[in-house]
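Student: One structure coming up, written as structure tokens, with questions to follow.
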Amino acid sequence: MNKKLCNYCGTENEQHYKYCKNCGNEFPHESEPAAPQFTEASNFVPTPPMPQPQVMPNNRMNVIDNISGIPTEEVALFVGRKANDILPKFSKMELANSKVSWCWPVAILGAFLGPIGAACWFFYRKMYKPALLLSAIGAVIHIAVIILSGDNSINTSDFLSMFAFPDYEEAMGSLSLFAAQGTIWQKLAYFIDIITSLLTCLLCGLFAFNSYKNHCVEKINYYRTIQADGRYYKLGLAAIGGVSGGMIALGVVIYVLASILGSIAYTVVSALF
């Protein structure tokens, strides 16, 4: 099957794509071929062409022309990767005047790693303010859980081993280790950890896309005020937007540092009391 190349990044895309799957650039609309003209004296009657099915993915059918006053093409350029999946969600929120749209990546990260896990998605999408806020909240709660439980291994090695050696029984044993502890403080730590992960999963999963939509609109409006050269406008949008895979490492570093600080704090608290 023939592919069409993006004029900006050179990525190959399927023929039915309206936007580049890599950078979000909108492809030019192809004009309909002109129908053959025949004079009245002509006795030749052409056979009508067979109707061609319109191959269009479902997630492209509900995209509106602008998102909060910004042309959809510009928003797609700013979003970059996964624009074909994210733009329909933006459009549905605009049409319904809603702030809710479920985001699976951030919900899963929040469910397993709490606020710090959810922060990784915001770092990835270059939304640094909410990412740092979630990281700070997650670090404080993570340290508190370690101090109350008195066992840092639950939050580091045992948890990571679930992914290195995916065994259902071992995974469930690691998750239920808090509940098996005898003291009230350890049970409280387990309760705080579960409730925090659940709330992070629900709240971030429901409102992450709305936060990202507002972020896109704010950044594009600001960029319009500082970019005077129209020749580089689209390239600039793709540069200031898009994703940053390297920023995910920052979330991992914050998680590890919180674990270390929690262990130190637990040692100090144990020595004092």
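The values are calculated or read from the model by the stated rules, or taken from the named source; none is laboratory data. This structure is a prediction, so every number in the text was calculated from the model and none was measured. Every residue, glycine as well, gets a Cβ built from its backbone with ideal geometry; the counts of neighbours run over all protein chains shown.
Student: Test Pro88 against the criterion of being over 15 Å from His215 (Cα atoms) and without any contact (Cβ under 8 Å) to a residue 24 or more places away in the chain, and give yes or no.
Tutor: no
Student: Being at pLDDT below 95 and under 26 Å from Leu257 (Cα atoms) is true for just one of Asp151, Asp65. Which residue is that? Step through it out loud before you land on a result.
Tutor: On the way: Asp65 fails: under 26 Å from Leu257 (Cα atoms).
Residue meeting the stated conditions: Asp151.
Student: Still on this structure, I have one more. Within the bounds of the range 155-172, is there any residue that is under 19 Å from Leu250 (Cβ atoms), at pLDDT 95 or above and surrounded by 20 or more Cβ atoms within 10 Å (Cβ to Cβ)?
Tutor: no
Student: Among the residues of the range 249-267, is any closer than 24 Å to Asn22 by Cβ and of a type outside the set (Gly, Ala, Ser)? Write out each step before concluding.
Tutor: Taking the range 249-267 and keeping what is closer than 24 Å to Asn22 by Cβ, we get 249-251.
Cutting the leftovers down to of a type outside the set (Gly, Ala, Ser) gives us 250.
Scanning the range 249-267, I find at least one residue that is closer than 24 Å to Asn22 by Cβ and of a type outside the set (Gly, Ala, Ser), so the answer is yes.
Student: Any idea which residue in the range 194-244 is surrounded by the most Cβ atoms within 10 Å (Cβ to Cβ), counting only those that are at pLDDT below 95 and of a type in the set (D, E, K, R)?
Tutor: Applying the filter and picking the extreme gives Lys234.
Student: Can you pull out every residue in the range 106-136 that is assigned to a helix (DSSP H, G or I) and among the basic types (Lys, Arg)? Quick ask: steps written out before the conclusion?
Tutor: At the first step, the residues of the range 106-136 found to be assigned to a helix (DSSP H, G or I) are 106-124, 128-136.
The answer is Lys129, and nothing else.
Student: Of the conditions (1) among the small types (Gly, Ala, Ser); (2) modelled with pLDDT of 90 or more; (3) outside any helix (DSSP H, G or I), Ala258 fails just one. Which one is it?
Tutor: Unmet condition: (3).
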